[in-house]
Amino acid sequence: MNRSDGRILTTHVGSLPRPLDLLSPLAAKDAGEPYDKPDVDAKVRRAVAATVARQAEIGIDIVNDGEQSKSSFSSYARTRLSGLTRSDEPAKSRTETRDTQAFPAVYAEMKVMYGARHADKPGRRFVMPPLAVTGPIAYTGQAELAADLANLKAALAASKVEQGFVTAISSTNLELYFRNHYYRTDEEYLTALADALNVEYRAITDAGFILQIDDPRLATHYSRSPGATIEDCRRFIAARIENINYALRGIPPEKVRYHTCYSVNVAPRVHELGLEHFVDLMLKINAGAYSIEAANPRHEHEWKIWEEVKLPEGKLLIPGVVSHCVMLVEHPDLVAQRILRFAALVGRERVIAANDCGFATSAAGDEVHPDVAWAKLEALVEGARRASTELWGGKR
């Protein structure tokens, strides 16, 4: 994994805007519905090439495919696992949160406004049918994964960038989406998911890419579990971290970066778990870098935690220095200031600048307009350049 030697490197969390003509077919593909595979495959190849080229043009150092082949950061896994069948039961993830309970009128109004705003946009109203585990889970997505890796390799070959990464969902998040009707215990179920995803993880790193594990559940479990105490959540998180490390077995930590976040909703969010309550557990994950929200207005103050918490030797920090939940485009000087805070605490070579979370986490509904997303990435790169000038010298 590249380090910020001589200047602050930049990256992003993974999901970038998809072309409009990909939204509906991607949703159909990941839902197991009929779609025109040759046409979608061709569109995905073009979208990956264009997305990587745009990242390179802006100046992002560590790029990915923008998840152009996926309807969302998690739903793609539905087509890559055996043992799943359609279910009449709602997914376990469909629950009230501390914030929806605290602001019911706001969330209800937002749901209506979102539906009206996207009613005429293709693919925006597609709902993934619930799935349940009714048989043994195994990884069956080798062909789709191989196509993703080939598309990214081809796009990277045409662009001068520092490094490529590939996102993959954590086993612990999939546990939340599928109801288990096959395995005797939650532990057996989680182990099966980890065994299956280990196949995907190894293929990504074997292909020469950095693997990013996407695990918003670590940070959001507290909000999603209104009756749980912080200690309850810490016990839950500790057990899931054991499972993530099991899923990562055989993969060198320096080839892995781990991402957790508070999800995407641009909404009232006042009951999120503070970083101070789980940072010690997060650092036990066998990864070479940790990607966290640090520009979100509910969490920007948490940079001070690193005055007391020691980043393990050899590890890197990937703080978000532009937000995915604020439509304002950050000033490059603000971005630079955020970077400088972390550089002063953990060391300039150990900081890679990023955004908080994906700008198009679901192809079914961008929270941040694509034009704003790309403008934020431009601010990220310019802010990193200004921070580098402060840290290493030279002209702006």
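The values are calculated or read from the model by the stated rules, or taken from the named source; none is laboratory data. In this text the structure is predicted, and so the values were computed from the model without any measurement. Because the Cβ atoms are built from the backbone with ideal geometry, glycine has one as well, and the counts that use them run over all protein chains shown.
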Residues that are in a loop (DSSP other than H, G, I, E, B) and farther than 23 Å from Lys255 by Cα: does the stretch 343-352 have at least one? no
Can you say whether Phe103 is hydrophobic (A, V, I, L, M, F, W, C) and in contact with an Asp or Glu (Cβ under 8 Å, 6 or more places away or on another chain), as far as the supplied structure shows? no
Regarding Phe359, is this residue crowded, with 23+ Cβ neighbours inside 10 Å, of a type outside the set (Asp, Glu) and farther than 20 Å from Val63 by Cα? no
Out of the stretch 50-70, which residues are touching a strand residue (DSSP E or B) at 6+ places or on another chain (Cβ under 8 Å) and under 19 Å from Thr260 (Cα atoms)? Ile62, Val63, Asn64, Glu67
Among the residues of the stretch 280-339, how many are part of a loop (DSSP other than H, G, I, E, B) and closer than 30 Å to Asp371 by Cβ? 16
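Got a sec? Which of Leu152, Leu156, Leu131 is surrounded by 14 or more Cβ atoms within 10 Å (Cβ to Cβ) and without any contact (Cβ under 8 Å) to a residue 60 or more places away in the chain?
Leu131
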Failed item, numbered, when Lys310 is tested on (1) of a type in the set (Lys, Arg); (2) in contact with a strand residue (DSSP E or B) (Cβ under 9 Å, 6 or more places away or on another chain); (3) surrounded by fewer than 16 Cβ atoms within 10 Å (Cβ to Cβ): (2)
Can you tell me which residues in the stretch 4-47 are charged (D, E, K, R), within 15 Å of Ser69 (Cα to Cα) and not in a helix (DSSP H, G or I)? Arg18, Asp36
Between residues in the stretch 210-225 that are farther than 18 Å from Ser72 by Cα and residues that are modelled with pLDDT under 95 and among the β-branched types (Val, Ile, Thr), which pairs lie under 7 Å by C-beta distance while being six or more apart or on different chains? Ser223/Thr97; Arg224/Thr95; Arg224/Thr97
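Would you call Ile241 of a type outside the set (Gly, Ala, Ser), surrounded by 20 or more Cβ atoms within 10 Å (Cβ to Cβ), in contact with a Leu (Cβ under 9 Å, 6 or more places away or on another chain) and modelled with pLDDT of 95 or more?
Yes.
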Can you pull out the residues in the stretch 245-260 that are part of a loop (DSSP other than H, G, I, E, B) and either within 20 Å of Gly208 (Cα to Cα) or at pLDDT below 95 (or both)? Leu248, Arg249, Gly250, Ile251, Pro252
Specify the residue that is modelled with the lowest pLDDT; the eligible residues are those in the stretch 141-181 that are within 21 Å of the chain's Cα centre (by Cα) and among the charged types (D, E, K, R). Glu162
I want to confirm something. Restricting to the stretch 262-284 and keeping residues that are over 17 Å from Val346 (Cβ atoms) and modelled with pLDDT of 95 or more, which single residue is farthest from the chain's Cα centre (by Cα)? His277
Return the residue satisfying two criteria in turn: it lies in the stretch 313-333 and is of a type in the set (A, V, I, L, M, F, W, C) and surrounded by fewer than 16 Cβ atoms within 10 Å (Cβ to Cβ), and of such residues it is nearest to the chain's Cα centre (by Cα). Met327
Output the residue which, of all residues in the stretch 117-140 that are in a loop (DSSP other than H, G, I, E, B) and either of a type in the set (Gly, Ala, Ser) or under 16 Å from Leu190 (Cα atoms) (or both), is modelled with the lowest pLDDT. Gly123
